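S.K.: Here it is: the structure, laid out below.
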Amino acid sequence: MSATKTKTYNISFIFDLRDSEDDTQKVIDDIQSIATSLGGEVTGSEILGMREFARAADQRFTQGHYVQMQVNAGPGLPAELKEKLRHDRRVDRIFVEA
């Protein structure tokens with residue numbers, strides 16, 4: 001048996017691409033490479049499209065690009081991934097479900 005147990009995480013992202021020249025697929029590729037470098041294995045991703053927010057905190061940002069990603073990794077990956085993406089202006093929100 002391995003020393004660390006892996007879990008499957010469903011990670012949802014909301015992208016804010018207003019000030020970026022990157023498209024959704026470019027951001028997904030960047031996040032996949034970060035997750036892989038942190039020891040995770042990306043098993044799938046799905047672009048859910050542009051959706052309106054139920055309650056927009058900023059009147060200039062009322063919709064975002066929703067993406068869901070499945071990652072197999074150890075228990076430290078969610079915190080490390082959030083820390084790596086904290087200063088990325090293209091990523092507005094991250095939700096992790098174990």
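Laboratory data are not the source of any read-out in this text; all were calculated from the coordinates shown. All figures in this text were calculated on a predicted structure; none of them were measured in a lab. No Cβ is skipped: glycine too gets one built from the backbone with ideal geometry, and neighbour counts run over all protein chains shown.
S.K.: Normalise the Debye intensity by I(0) for segment 8-64, one equal point scatterer per Cα, no solvent, then take log10 at q = 0.14, 0.17 Å⁻¹ and round to two decimals.
M.R.: Each listed q maps to, in turn, -0.48, -0.67.
S.K.: Taking just the alpha-carbon atoms of the chain, what radius of gyration and Dmax come out, in angstrom?
M.R.: Both quantities, over Cα of the chain: 14.0, 52 Å.
S.K.: While we're looking at this one, here's another question. Angle check, please: helix 24-37 long axis (alpha carbons) against the longest principal axis of the chain (alpha carbons), in degrees 0 to 90, nearest 10.
M.R.: Relative to the chain, helix 24-37 is tipped by roughly 30 degrees.
S.K.: Something else now. Name the lysines eligible as straight-distance cross-link partners of residue 26: C-alpha to C-alpha under 28 Å, and not fewer than 8 places from it in the same chain.
M.R.: Candidates past the 8-residue exclusion: 7, 82, 84.
S.K.: Determine the dipole magnitude for the chain: charges of +1 sit on the beta-carbon of Lys and Arg, -1 on that of Asp and Glu, nothing else is charged, the reference point is the Cα centre, and the result goes in debye to the nearest 20.
M.R.: Working: 13 positive and 16 negative charges, 70 e Å.
My answer is approximately 340 debye.
S.K.: While we're on this one: What's the center-to-center distance, using Cα atoms, between segment 1-46 and segment 78-97 in Å?
M.R.: Taking the Cα centre of each part, segment 1-46 and segment 78-97 sit 9 Å apart.
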